[in-house]
Amino acid sequence: SAGRSAPAKKHMLKLIILGDSGVGKTSLMNRYHSNKFTGQYKATIGADFLSKHVSITDPQTGAVRNVTLQIWDTAGQERFQSLGVAFYRGADAVALVYDVGDSKSFDNLENWRGEFLKQVGLDDKGASFPFVLLGNKIDRPESERRVPRERAEEWCERAGLGGEMGGPIPHFETSAKTAENVEGAFLELATLAVIHQ
Ligand code: GTP
Ligand code: MG
């Protein structure tokens with residue numbers, strides 16, 4: 001309206017990857033950022049970020065936005081989690097990761113989501129914060145799958161219900177090893193961050 005300009009759009013978007021130790025958070029980030037994968041496991045200590053410049057089309061306006069994604073990879077191991085609120089503050093979107101072959105990592109999603117929302121003071125508005133759910137290690141044998149796709153999608157329906165983002169949390173089954181769906185998942189995450197800000 002007259003006399004009021006739209007708020008400046010952020011150039012830098014802070015994305016955070018959360019989930020249990022060993023589900024593949026670091027591997028997903030490295031695949032997306034550098035298109036690299038290693039089978040060796042080295043636990044993340046604390047948190048670290050990588051930056052990536054991307055062009056995102058805002059689906060609501062059609063405008064193309066050049067943004068820098070600051071992708072924060074976090075430690076899944078409890079003894080390395082000492083960052084807390086200062087770290088979560090200012091997050092524009094969060095990727096929650098589980099391993100499709102590990103039901104415990106799926107059961108813990110609620111804790112990761114809840115703890116994040118508590119830290120940023122959004123306990124009661126969780127449905128309006130942009131999350132994306134990634135079920136990783138889809139390259140492993142189907143016989144080792146422990147989390148059916150439908151189970152994850154039900155969770156996404158429930159967690160996203162009533163949110164202003166409209167509809168369920170987007171869900172991707174990914175492989176950091178083969179790169180399947182990794183680009184698409186991060187693109188969705190970045191797009192939600194652009195819409196939400
Ligand atoms: P923390 O840093 O302890 O929280 O673990 P993380 O979630 O960062 O897991 P990380 O990326 O270090 O991966 C753990 C192990 O799983 C490593 O040996 C990876 O090589 C392996 N891994 C990661 N993603 C995949 C995948 O998509 N497929 C397969 N087969 N292995 C994977
Ligand atoms: Mg890691």
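With Rh defined as the Kirkwood radius, the inverse of the mean 1/r over Cα pairs, the Rg/Rh of the chain is 0.96. Test of understanding: given the chain, find the longest segment containing no trypsin sites (Lys or Arg not before Pro) that are in a DSSP loop and have at most 14 other Cβ atoms within 10 Å. The longest such stretch corresponds to 90-145. Rounded to the nearest 10 degrees, the angle from helix 25-34 to the longest Cα principal axis of the chain is 60 degrees. From zero up to wherever the largest Cα-Cα distance of the stretch 113-193 sits, split into 10 Å bins and tell me the percent of pairs in each. Each 10 Å bin holds this share of Cα pairs: 18, 43, 31, 8, 0.
The angle separating the long axis of helix 182-196 from the principal Cα axis of greatest extent in the chain is about 30 degrees. Subtracting the Cα-Cα distance of Arg89 and Asp107 from their residue separation scaled by 0.36 nm leaves 4.0 nm. Dipole magnitude for the chain: computed about the Cα centre from +1 point charges on Lys and Arg Cβ and -1 point charges on Asp and Glu Cβ, it is near 660 debye. Once the chain from Gln77 to Leu50 is taken as fully extended at 0.36 nm per residue, the excess over their C-alpha distance is 7.7 nm. Give me the net charge for the shell around Asp58: Cβ to Cβ below 10 angstrom, other residues only, Lys and Arg +1, Asp and Glu -1. My count for the surroundings of Asp58 gives +2. Length gained on full extension, Glu144 to Ala63: 24.9 nm, using 0.36 nm per residue less the C-alpha separation. Using the Cβ atoms and a cut-off under 15 Å, what net charge is assigned to the surroundings of His11, where Lys and Arg are +1 and Asp and Glu are -1? Net of charged neighbours comes to +3.
Where a number appears in this text, it was derived from the coordinates with a stated rule and is not lab data. Computed from a predicted model, the values in this text were never measured in an experiment. Cβ: placed from backbone, ideal geometry, glycine included. Neighbour counts: every protein chain shown.
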